[in-house]
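Read-outs: derived from the displayed coordinates by stated rules, not from any lab. On a predicted model such as this, the values are computed, not experimentally measured, just so you know. Please note: Cβ atoms are built from the backbone with ideal geometry, for glycine as well, and neighbour counts cover all protein chains shown.
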Amino acid sequence: MSYIKPAELATRMVDAGAYKLQLSTRDTLIRAFMGAALLTIAAAFAVTVSTQTGQPLLGAVLFPVGFVMLYLLGYDLLTGVFTLGPLAVLDRRPGATFGSLMRNWGLVFLGNFGGAFLVAILMAVYFTYGFSTAPSAVGEAISEIGHGRTVGYADHGAAGMLTLFIRGVLCNWMVSTGVVLAMVSDSTIGKIVAMWLPIMLFFYMGFEHSIVNMFLFPSGLLMGADFTVWDYLVWNELPTVVGNLVGGLLFVGLPIYFTHGRPKARVARDARAMRRRARLVTTAASTSGTSVADRETTAAELEPTRV
């Protein structure tokens with residue numbers, strides 16, 4: 001099973017961010033739409049498993065199947081581009097500008113919402129027999145999630161908003177870790193295993209994922225849940241988006257980029273260090289009478305090893 005070292009991983013992250021910023025409007029929307037659709041079908045599956053078995057952990061263990069499918073197919077989530085896109089801008093890649101970043105984020109948001117909302121409609125139809133009966137047990141569970149994670153936060157006021165934001169941060173810390181870990185292996189099995197771990201964690205812990213919520217909350221509203229569109233936007237979706245942005249960029253993208261990335265800066269730093277060492281060797285050799293050949297050999301031995 002292949003393993004990609006962190007220095008190369010950082011370069012792959014920047015390359016991925018730069019590539020996504022250059023995609024056409026059509027391709028960005030299609031990939032975002034399909035990515036959200038696959039992820040939210042998996043969310044419906046996980047809630048179904050949890051409700052029917054009474055084992056939330058089992059639902060969390062199985063939920064990553066959607067994340068794996070969408071990333072193996074090259075689709076996109078807002079949570080992922082929050083982390084990768086800014087790295088291309090920081091690295092000054094051609095075409096990677098603040099404007100192209102905002103365009104990418106906006107298009108991915110629209111595509112993700114479209115895919116998630118379509119699945120919300122389809123699942124609402126499925127759980128209510130075409131709105132002809134009351135929601136099934138799974139439909140009721142989804143409706144209760146929507147109520148508890150909007151009105152439930154609002155009942156706590158500012159403390160509830162802070163909790164919501166922190167759950168959004170923690171969520172994309174894990175989700176973006178899954179996005180990045182998909183790049184640490186060139187084998188399909190390696191990618192699947194690496195992605196699975198942090199995604200399972202976020203789902204079981206009940207963190208707030210803006211794309212999953214684009215399905216859960218509209219679906220609950222369609223099935224008559226006791227909260228409003230305003231509750232959904234103010235007391236979940238918008239704060240969650242901000243929390244996801246902070247979590248993915250601050251705790252995943254930037255740390256890896258600054259400690260393992262910036263390959264040009266790293267090469268320049270190594271070259272300067274090599275020249276300093278060579279000068280020290282030359283100075284020491286001139287005072288001790290060492291031959292020129294010996295000095296060159298010693299300088300070569302001091303050259304830093306490339307990782």
Hey, how many Å between the Cα centroid of the range 183-216 and the Cα centroid of the range 1-74? 6
Which order results if T133, T11 are arranged by neighbouring Cβ count within 10 Å, fewest first? T133, T11
Give the Cα extents of the chain along the principal axes, in whole Å, largest first. 96, 40, 38
How charged is the neighbourhood of R12? Take every other residue with its Cβ under 11 Å from the Cβ of R12, and add Lys/Arg as +1 and Asp/Glu as -1. -2
Say each of L73 and A158 gets a label point 7 Å from the Cα, pointing the same way as Cα to Cβ; how far apart are those two points in nm? 4.5
Stretched fully, the stretch from D15 through F131 gains (0.36 nm per residue minus C-alpha distance, one decimal, in nm) 37.1 nm
Give me a comma-separated list of calculated 3J(HN,Hα) values for the range 35-43, in order, Karplus coefficients 6.51, -1.76, 1.60 applied at θ = phi - 60°, integers in Hz, x for any Gly or Pro. x, 5, 4, 5, 5, 6, 4, 5, 5
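State which stretch of the chain is the longest one without any exposed trypsin sites (Lys or Arg not before Pro), exposure meaning a DSSP loop state and at most 11 other Cβ atoms within 10 Å.
Free of exposed loop sites, the longest segment is 93-305.
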